Amino acid sequence: MTDDLRHLFHALAVSTPFSTGERLAAAGVRRPKAFSFPALYAAADGHVGPEGLFTPAGGPGPWILVPAGLRGLGEYADWEQIDDLVAFRLEAPGRWHPVRRDAHLLGEDALEAARFDGRPLHLHSSPLGWLAAGGTGVCIVDWSLNPTAVFCGVPRLTCDAPALETRLRQRVRETWPAPRIETAAPSRRKVA
């Protein structure tokens, strides 16, 4: 399944018009060096179905597609795994739609690095914010995740906006409520 998305993403990335890069640059996304790997975005026409899933065909464009998965290591490494693609329009960067709903985050590699190195992890409010930061940090694209489990082992999370911090704190309370803790009543049995 991930290979299908890798092929789709690469096909869209190589056919992404230069004007898309211009529009992204105007929105604060640094233009990548020529032939830089891995590509962080592609453009496609498409539509959103009734289930909220994006289909990259048969609709108006351009939509910006961002891969959710793991990048390889090294200067010329490509995406090792693409679990999903997340589509958004520059006119509404705060609304995005998955292709399959198979990923919770953009920037899984940054999450793994933060766990391994013990560094703080930066959270972005939107895929556009994640792109503007050069694909560093993470962006939560599916809030059904359990943030306590997902970010376990990360020493500190920093959010790019107070609204994101508030939403994350609320989600932590919803998904991982503190257990009730009490002292057991003493037993009345005789101890021999």
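List of remarks:
- In the chain, helices alone account for a calculated mean residue ellipticity at 222 nm of -8500 deg cm²/dmol, with every DSSP H run of four or more residues adding -39,500 (n - 2.57).
- A simple packing score, the average count of other Cβ atoms within 10 Å per residue, orders the peptides 153-162, 132-141 as 132-141, 153-162, with the highest score first.
- The amide H of Ala43, built 1.01 Å from its N in the peptide plane, has Thr16, Leu65 as neighbours under 5 Å, considering only residues 5 or more places off or on other chains.
- Scanning residues 5 or more positions from Glu80 or on other chains, those with amide H under 5 Å from its amide H are Leu70, Arg71, Gly72, with H placed 1.01 Å from N in the peptide plane.
- C-alpha center-to-center spacing [the range 84-125, the range 55-70] in angstrom: 15
- Annotation: extensible slack from Trp176 through Ala57 equals 38.9 nm (criterion: 0.36 nm per residue apart, minus Cα-Cα distance).
- Dipole axis of the range 18-175 (+1 Lys, Arg; -1 Asp, Glu on Cβ), positive-most option in Thr166, Ala26, Ala132: Thr166
- When the GluC sites (Glu not before Pro) in the range 68-148 are filtered for DSSP coil states and for at most 12 other beta-carbon atoms within 10 Å of their beta-carbon, the remaining sites are Glu75, Glu91.
- Separation of the Thr158 and Val48 label points, Cα + 7 Å toward Cβ, nm: 3.1
- Within the chain, the proportion of C-alpha pairs whose separation exceeds 30 Å stands at 26%.
- Per-residue HN-Hα couplings for the range 46-51 [Karplus 6.51, -1.76, 1.60; θ = phi - 60°; Hz; x = Gly/Pro]: x, 8, 9, x, x, 7
Bear in mind these aren't lab numbers, they're just calculated from the coordinates by the rules spelled out. Quick caveat: nothing in here was measured; it's all calculated off a predicted structure. Positions of Cβ are generated from backbone atoms using ideal geometry, with glycine treated the same way; all protein chains shown enter the neighbour counts.
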